[in-house]
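This report concerns only the one structure given below.
The values are calculated or read from the model by the stated rules, or taken from the named source; none is laboratory data. Keep in mind the model is a prediction, meaning the values are calculated, not measured. Using ideal geometry, Cβ is built from the backbone for each residue, glycine included, and neighbour counts are taken over all protein chains shown. Protein only, heavy atoms only, side chains kept; ligands, DNA and RNA dropped before computing areas. Shrake-Rupley method; radii C 1.70, N 1.55, O 1.52, S 1.80 Å.
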Amino acid sequence: MQSLAANLSAAKIEKNNDVPLNELDKATWLKPKTDWFQLVHTLLTSRYMDDVEEQDLVPAKLVFNQFSARGHDFAQILLGSLLTHPHDGATGYYRSRPFVLSLGLSMDDALASGMAKSGGYSDGRDIGVVCNYANQERNGAMLFPMCGGVGSQYSPISGWAQSIVYHRDQLKDEAYKGAIGLSMGGDSSMSTSGFWAALNISTTNNLPHLFYIEDNGYGISVPQTVQTPGGDQVANLAAYKNLKIIDGDGTDPYTAPALIVEAVEYVRSGKGTCLLRLKVPRLCGHTFQDTQTYKPADLLAQEKTQDPLPKLREFLQDKGIMDEQQWLALEEQTHAEVLAAVARVKLRPEPKIENITRYVYAEKDEQGQAELQLRGGLHADHHVFPQVSEQAKPEGARLNMLASIRKVLAHELETNPKVLVFGEDVGPKGGVHAATLGLNEAYGDLRVFDTSLSEEGIIGRAVGMALAGLMPVPEIQFRKYAEPASEQITDTGIMRWRTNNQFAAPMVIRIPGGFAGRGDPWHSMSDEVEWAHKTGWQVVMPSNAEDAAGLLRYALRDNNPTIFFEHRTLLDNRWARRPYPGDDYVIPFGKAKTLTQGDKLTVVCWGAMVERCEQAAIELDLGIEVIDLRTIQPWDKEAVLASVKKTSRCLIVHEDNMTAGFGAEIAAILAKEAFFDLDAPIERLAMPNTPVPHNINLLNAVVPTTERIELAMQDLIEI
């Protein structure tokens, strides 16, 4: 934000702006002194930006209500002014725009984002209240891409704070000393699972995490008495271990700065986690249409008296820091700046429609060079990987899939110090499926570690680590247990797209699932189509140990987030055993493998169905071509179309439910692009629309067996 000091009396400013802190009635303020004019300028800028939007000076059809931060803004700007460390990281929420302005976000970009114009922090792809700030120069905090969900901002900062400790202690990078993570939220967001997950992670590990709670007493229209017993969640946290609580008034220019400085310095000193709660008024409703009629009239009147702006004005005048003439001049100049910015932003072009499908995944430019995101992941930090080969070099005895996965993880941990493996029971126990057995002992608690039982926290933590330039490899114990993490997974997948390639959080989430001998609705779910539908995610389902090794290594070195699905019945399956293909072997995603050749029928399958389809094709010996997709996002459309063109028939076999399973996607493509090649209807063999049963006879009645696959093959060939 441009300072106005040059436009006012330089001598007067220098004199007034140099008041020693210890003379300000023991108010700490910003050390060693603050640029008072800059602070007021940012505060006024935020107010005037709200005004022009509310008064429709910006075309109403282009403006998304900015969830005004009036009343919250003074404390936010003070806090932002203290985040000066190059490795500070922060998350905000929909009322955090004043904070982002204090970090350095330009007025033009902030307004352009609200108007959905080109540029800004999303190029018109996201609503204006969800800001981000890459801070490429690293002259202060990076602001993570905000999300629309309440509470999702907390656990990523736990991951960032853990990354600070990891960079400092494990990677021996002294530049991270004193850095902190800040998460901001309203009082009602303390009811969310994201808040509690982050609180447990950060306090358990004594992480440099500052929780800043802006308490205005309401969640839209719901008062705090509905959110927590007694209506005061912070008071209820008084007995929480490893948590310093600082509490006070966020509008008082005497005390608020002292409280904020105390909180920041506590976390910077390495003492651990702090929760700073400041009471602030919500001077505007949740949106501009919200008239707050649900609040008592006396409360509304009382809140108006708590506006920090006139309090600050009086304080600065009383202390001789800024006189009335200077304040009025600053108001006039700031208002003119905002109107000028609005005029400039109105002239910005609309975002290019032809670019709307770009940056769902990492891309290359016309010269074949990677278009790297500004922040997040190994690639953005220009990490150099070892050489790879798509040629397998089998060595030693046949390994089961578990041993193959473990061997790849061990090699990547050994060769890349930025790889971290974590989840419930993955540490000393080695995972409930033993995929990480021995890794904790070999690589230590900072690199292979257990987490609290919170899938939201596991994946949210991974987001912060990825944005800090690490490669997180979180494990979800069973497919069904990923459901609590679905918000973090969704937000991670769309991060690159919604920030127009400014941010990305590459990671590999390992998820075992599917039946194993017997089944049940809780541990045997497949449902891989849900992740195929999650924008920005790659989905991998290997059928054997060799493919598992090549696909996992590729995922760990890729610049996109990946779901690595480990089918439970294949983990120690004899058919799935293969010799280890070598430490440099990779399988690029989207390349299917043809297991049997034929010209009578194409069978498309993946995961546990591959063994059964291959066995059925060999037993029938009728010229059946079996294709193992290996990855379903992306999937090898060209290989399937080429096979169907040859055979004129197609059977799709998968374990997931029939309705809206991924087989339906393949069938739709074939119906359109192979219509004139088909001599028979496309058939699907899948589970009925039921959960996985436990009884073995019931299980075999719903999951496609080799016998049922043979019958489906014969029927389709004979049409």
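List of remarks:
- Filtered residues of the stretch 449-473 (kept if in contact with a strand residue (DSSP E or B) (Cβ under 6 Å, 6 or more places away or on another chain) and open to solvent by 10 Å² or more (accessible area, probe 1.4 Å)): F449, T451
- Looking across I245, I260, one residue alone is in a strand (DSSP E or B) and on the phi < 0 side of the Ramachandran plot. It is I245.
- Screening S389 against (1) small (G, A, S); (2) touching a residue at least 24 places away in the same chain (Cβ under 8 Å); (3) under 21 Å from A466 (Cα atoms) leaves a single unmet condition, (3).
- Looking only at residues of the stretch 107-141 that are over 17 Å from the mean Cα position of the chain (by Cα) and among the charged types (D, E, K, R), we find that the one that is most open to solvent (accessible area, probe 1.4 Å) is E137.
- Looking only at residues in the stretch 263-288 that are touching a residue at least 12 places away in the same chain (Cβ under 8 Å) and assigned to a helix (DSSP H, G or I), the one that is surrounded by the fewest Cβ atoms within 10 Å (Cβ to Cβ) is R268.
- Any hit, the stretch 166-186, residues being part of a helix (DSSP H, G or I) and under 18 Å from the mean Cα position of the chain (by Cα): no
- Residues that are open to solvent by less than 50 Å² (accessible area, probe 1.4 Å) and assigned to a helix (DSSP H, G or I) were ranked within the stretch 337-354; the one that is nearest to A504 (Cα to Cα) is V345.
- Single unsatisfied condition, Q477 versus (1) part of a loop (DSSP other than H, G, I, E, B); (2) over 9 Å from the mean Cα position of the chain (by Cα); (3) under 15 Å from T535 (Cβ atoms): (3)
- Hey, Q615 open to solvent by 40 Å² or more (accessible area, probe 1.4 Å) and either under 18 Å from R398 (Cβ atoms) or touching a residue at least 60 places away in the same chain (Cβ under 8 Å) (or both) or not: yes
- Within the stretch 592-619, being among the charged types (D, E, K, R) and in contact with a strand residue (DSSP E or B) (Cβ under 8 Å, 6 or more places away or on another chain) holds for K593, D599, K600, R612, E614.
For (1) part of a helix (DSSP H, G or I); (2) out of contact with any Leu (no Cβ under 6 Å at 6 or more places or on another chain); (3) under 17 Å from L570 (Cβ atoms); (4) of a type in the set (F, W, Y), each residue gets a yes or a no:
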{"residue": "G396", "(1), (2), (3), (4)": "no, yes, no, no"}
{"residue": "V408", "(1), (2), (3), (4)": "yes, no, yes, no"}
{"residue": "P428", "(1), (2), (3), (4)": "no, yes, no, no"}
{"residue": "G431", "(1), (2), (3), (4)": "no, yes, yes, no"}
{"residue": "T436", "(1), (2), (3), (4)": "no, yes, no, no"}
{"residue": "S452", "(1), (2), (3), (4)": "no, yes, no, no"}
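- Flag if G219 is over 19 Å from G159 (Cα atoms), over 26 Å from the mean Cα position of the chain (by Cα) and open to solvent by 10 Å² or more (accessible area, probe 1.4 Å): no
- Count - residues of the stretch 585-604 that are open to solvent by 30 Å² or more (accessible area, probe 1.4 Å) and either modelled with pLDDT under 95 or in a loop (DSSP other than H, G, I, E, B) (or both): 4
- Entry remark, the stretch 300-325: residues being open to solvent by less than 50 Å² (accessible area, probe 1.4 Å) and in contact with a helix residue (DSSP H, G or I) (Cβ under 7 Å, 6 or more places away or on another chain) number 7 in total.
- Filter result for A485 (among the hydrophobic types (A, V, I, L, M, F, W, C), within 21 Å of E655 (Cβ to Cβ), in contact with a helix residue (DSSP H, G or I) (Cβ under 6 Å, 6 or more places away or on another chain) and part of a helix (DSSP H, G or I)): no
- Residue within the stretch 151-160 that is assigned to a helix (DSSP H, G or I), open to solvent by 30 Å² or more (accessible area, probe 1.4 Å) and modelled with pLDDT of 95 or more present: no
- Restricting attention to the stretch 234-271, the residues that are in contact with a strand residue (DSSP E or B) (Cβ under 8 Å, 6 or more places away or on another chain) and either hydrophobic (A, V, I, L, M, F, W, C) or over 30 Å from H87 (Cα atoms) (or both) add up to 12.
- Scanning the stretch 265-324 for residues that are within 38 Å of the chain's Cα centre (by Cα), β-branched (V, I, T) and at pLDDT below 95 turns up V280, T287, T291, T293.
- Failed item in (1) among the hydrophobic types (A, V, I, L, M, F, W, C); (2) over 33 Å from the mean Cα position of the chain (by Cα); (3) open to solvent by 10 Å² or more (accessible area, probe 1.4 Å), with I624 passing the rest: (3)
- Complete set of residues in the stretch 194-207 that are open to solvent by less than 10 Å² (accessible area, probe 1.4 Å) and in a loop (DSSP other than H, G, I, E, B): L207
- Filtered by the rule that a residue be in a loop (DSSP other than H, G, I, E, B) and either touching a helix residue (DSSP H, G or I) at 6+ places or on another chain (Cβ under 8 Å) or open to solvent by less than 50 Å² (accessible area, probe 1.4 Å) (or both), the stretch 359-382 gives Y359, V360, Y361, A362, G368, L372, Q373, L374, G376.
- Among residues of the stretch 123-139 that are touching a residue at least 60 places away in the same chain (Cβ under 8 Å) and closer than 15 Å to L111 by Cβ, those with a beta-carbon under 7 Å from a residue that is among the aliphatic types (A, V, I, L, M) and surrounded by fewer than 24 Cβ atoms within 10 Å (Cβ to Cβ) at least six positions away or on a different chain give the pairs G124/A116.
- Within the stretch 670-706, tally of residues that are closer than 21 Å to V610 by Cα, touching a residue at least 24 places away in the same chain (Cβ under 8 Å) and part of a helix (DSSP H, G or I): 4
- Candidate set: the stretch 553-584, residues that are within 19 Å of N416 (Cβ to Cβ) and in contact with a strand residue (DSSP E or B) (Cβ under 6 Å, 6 or more places away or on another chain); chosen: the one surrounded by the most Cβ atoms within 10 Å (Cβ to Cβ): A555
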